[in-house]
Amino acid sequence: MGKVSRMSGQALVSIRALKRSFGDVRAVDGVDLDIREGEFLTLLGPSGSGKTTVLRMIAGFEKPDSGSITLAGKDVSQLPPYERDVNTVFQDYALFPHMDVLTNIEYGLRVKGVSKEERRAQALVALKQIRLEGYEDRKPAQLSGGQRQRVALARALVNKPSVLLLDEPLGALDLKLREQMQIELKALQREVGITFIFVTHDQEEALSMSDRIAIFNHGKIEQLGTPREIYDNPKSAFISEFVGQTNRIEIDGKKVNIRPEFVSISKSGTTGDRVVQGILRDEIFVGASTRYLVETNLGFSMISTQVENDLKIGDAVTLSWQKEREFLVQI
Amino acid sequence: MTISKSARLALAALLGIGLAFIYVPLTVVIINSFNASRTFSWPPTELTTKWWAKAIENTGVREALKWSIIAGLSATVIALLLGTALAFAVSRYEFFGREVISLLVVLPISLPGVVTGIALNNAFTKQLGMSTGLITVVIGHATFCIVVVYNNALARLRRMGTSLQEASMDLGANGITTFRLVTLPNMASALVAGGLLAFGLSFDEIVVTTFTAGPGIQTLPLWIYNNLFRPNQAPIVNVVAATLVLLSIVPIYLSQRLSSDSSTGGRF
């Protein structure tokens with residue numbers, strides 16, 4: 001498999017009118033997407049939204065019913081996985097249980113006919129990159145979840161693919177390890193400069209790691225944009241609820257949305273040009289922050305994370321925010 | 001679940017009686033193969049290995065052992081090839097009639113041997129015009145040997161899942177390389193276990209063999225049956241029977257060890 005030629009300014013991966021059904025279920029229902037070189041792009045959506053099927057079609061594990069996938073100008077949609085210059089990190093890692101760590105990592109080079117000394121040398125470099133020196137002879141069963149995950153990464157990256165596909169790679173790790181791996185993964189991507197296509201259903205993960213996010217719903221991309229664009233201007237009610245939290249309210253006969261962190265609660269003073277009166281009903285402690293639930297005198301409840309000190313449940317309070325922080329949703 | 005002490009004792013006694021029914025007669029056969037008395041007076045007053053020496057010298061026994069081994073190995077090889085291929089087809093592909101095929105493959109192990117034997121004999125000699133011999137014995141044995149290989153291979157393939165093969169192809173290996181480097185090594189212990197069981201089944205089979213062997217071939221079980229009522233052969237029959245018992249235990253024991261070996265086939 002030759003290295004693809006680098007074409008700046010053009011998409012490295014182009015997906016056009018991609019469709020795939022399983023029985024009566026339209027898993028992917030017309031997806032268009034351009035992925036730039038060196039980009040960290042996340043496919044985000046609830047389970048069954050089609051994101052994993054798109055990834056599996058880029059990898060070659062599924063054939064599209066129609067549409068095309070172009071990699072560096074070449075239509076690869078009908079090629080088998082072993083003729084595509086992409087590699088995958090699997091959700092369950094899929095490390096070969098009968099091979100030790102080093103043999104796992106050098107597998108891709110081995111089947112491409114790289115000499116033993118050469119592939120061993122490259123695998124050792126990759127092993128160092130994931131900080132698992134000394135684990136060469138371990139079998140996958142003797143590794144922790146985080147270590148397996150790093151071996152799976154090294155096994156894919158040692159082939160220097162033009163695109164690395166990651167299928168919910170952090171899903172099986174516990175929270176602490178997951179957060180640490182998010183940082184490591186992002187740093188690794190910057191270091192190697194390879195295009196990452198990352199599948200997740202975890203919106204925080206998507207917001208914190210991605211250059212751009214494609215939000216999937218019912219087999220289609222509902223919105224494509226930077227994390228900031230999507231958070232600040234979600235196109236649909238579905239996205240505003242799926243990414244972050246939002247207050248969906250009706251004021252002056254208009255349906256608007258406002259994020260909880262822009263709403264402040266106080267006893268008297270206001271911090272914005274929109275003011276609503278209400279009663280503090282509840283506080284919900286969620287670790288790093290606390291959410292406050294206010295029942296407004298307009299007949300709806302709102303959540304806020306900005307609150308002045310010394311408020312008690314049952315107090316009459318004033319909610320206020322900047323009108324410009326409000327956003328409308330199209331759907 | 002807890003059970004009372006008396007119930008436990010009763011269960012232990014029943015288990016003991018059950019096991020005794022199976023293993024006491026077998027033990028008697030093995031001990032009698034060393035019994036110096038020609039009439040097997042019990043308990044043995046003197047032990048000897050002369051029957052074993054005579055059995056080894058006996059050309060009939062040696063011929064029968066040879067045929068048993070040839071038939072067993074041939075049936076096992078056929079069962080390994082076809083059973084593995086079938087297990088692949090059933091576990092990896094969706095096709096019309098898949099469940100029916102799965103059932104048809106497993107069925108021969110529960111069909112009465114006498115029916116299978118007569119049916120095969122009829123098919124070979126009447127419909128196909130073949131004469132019975134080694135080939136017909138091997139085919140007859142393969143019909144039930146294939147079941148154990150198929151079952152073992154299928155269970156392992158299901159447990160392995162598809163992601164290892166996908167990972168291998170993703171890393172640049174084509175289907176054949178993937179089978180050689182990933183699938184086969186992870187199936188090996190299941191196939192060896194299935195093959196050992198298949199050989200064990202073939203080695204002591206008598207019913208199907210009776211109808212498919214013809215006059216030219218005598219396997220060890222057939223030899224025993226034919227010599228059972230010849231008084232002067234009785235000591236050697238004991239030796240052959242003891243050998244059959246021991247040779248059947250080894251593959252079963254090994255195959256159990258291999259089947260329970262999860263370190264080679266498990267997913268992570």
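Each reported figure results from applying straightforward, stated rules to the coordinates on display, with no laboratory input. Here the structure is a predicted model, which is why all the values come from computation and not from measurement. A quick note on method: Cβ atoms are made from the backbone with ideal geometry, for glycine too, and the neighbour counts reach across all protein chains shown.
Points to keep in mind about this one:
- The range A:152-203: C-alpha pair distances exceeding 16 Å, %: 39
- For the protein assembly as shown, the alpha carbon convex hull comes to 271 Å³ per residue, rounded to a whole number.
- Convex hull volume of the C-alpha atoms in chain A, normalised per residue: 167 Å³.
- Each DSSP beta bridge with both residues in the protein assembly as shown is either parallel or antiparallel, and the antiparallel ones are about 70%.
- Considering only Cα atoms, the convex hull volume of the range B:29-111 works out to 155 Å³ per residue.
- Directionally averaged projected area (the range B:1-44, Cα convex hull): 4.2 nm².
- As a proxy for reagent exposure, B:R8, A:R16 were ordered by neighbouring Cβ count within 10 angstrom, fewest first; the result is B:R8, A:R16.
- Over the range A:1-130, the Kirkwood radius and the radius of gyration, each from Cα atoms, give a ratio Rg/Rh of 1.01.
- Kirkwood-based Rg to Rh ratio, the range B:150-265, C-alpha trace: 1.20
- Checked against a 18 Å cut-off, the cross-linked pairs A:K112/A:K160; A:K128/A:K176; A:K220/A:K254; A:K51/A:K74 give Cα-Cα distances beyond that limit for A:K128/A:K176; A:K220/A:K254; A:K51/A:K74.
- Rounded to whole Å, sorted largest first: equivalent-ellipsoid semi-axes of the range A:245-325, Cα gyration tensor: 18, 14, 12
- Counting only DSSP beta bridges whose two residues both lie in the range A:11-238, roughly 55 percent are antiparallel.
- Helices in the protein assembly as shown, meaning DSSP H runs of at least 4 residues, each add -39500 (n - 2.57). Divided by all residues, the mean residue ellipticity at 222 nm is -14500 deg cm²/dmol.
- Rg/Rh ratio calculated on Cα atoms of the range B:203-259 (Kirkwood radius): 1.07
- Proxy reagent accessibility, fewest Cβ within 10 Å first, across B:F211, A:F216: B:F211, A:F216
- Structural size metrics of the range A:150-267, computed from C-alpha coordinates, are Rg and Dmax of 17.4, 61 Å.
- Gaussian network model of chain B, Cα within-10 Å springs - most flexible of B:N174, B:N122, B:N227: B:N174
- Taking the number of Cβ atoms within 10 Å of each Cβ as an exposure proxy, the fewest-first ranking of B:R92, A:R148 is B:R92, A:R148.
- Residue-averaged beta-carbon neighbours from other chains (10 angstrom radius) around A:88-100: 6
- Environment charge of A:D65, counting only residues whose C-beta is closer than 12 Å and scoring Lys/Arg +1, Asp/Glu -1: +2
- Relative to the globular-protein estimate of 2.2 N^0.38 Å, the Cα radius of gyration of the range B:98-197 stands at 1.42.
- Between helix B:184-203 and chain B: long-axis angle, C-alpha atoms, 0 to 90°, nearest 10: 30
- The mean of 1/r over all pairs of different alpha-carbon atoms in the range A:197-244, once inverted, gives a Kirkwood hydrodynamic radius of 10.6 Å.
- Range of Cα positions in the range A:50-90 per principal axis (Å), largest first: 24, 21, 15
- In whole percents, the pair-distance distribution calculated for the range B:69-259 from its alpha-carbon pairs, binned every 5 Å from zero, is 1, 8, 14, 16, 17, 14, 11, 8, 5, 3, 2, 1, 0, 0.
- Positive-pole candidate from A:S266, B:L103, A:G60, dipole of the protein assembly as shown, charges at beta carbon: B:L103
- Two-site label geometry, B:S131 and A:D24: point separation in nm, points 7 Å out along Cα→Cβ: 6.3
- Inter-label distance for B:L14 and A:K323, nm, one decimal - labels placed 7 Å from Cα along Cα-to-Cβ: 8.5
- Using the Cβ-Cβ distance between A:D137 and A:S68 with R0 = 41 Å, the FRET efficiency computed as 1/(1 + (r/R0)^6) comes to roughly 0.40.
- Distance between the range B:69-140 and the range A:113-145 - C-alpha centres, whole angstrom: 46
- The charge dipole of chain A, taken about its Cα centre with unit charges on the Cβ atoms of Lys, Arg (+1), Asp and Glu (-1) only, comes to about 920 debye.
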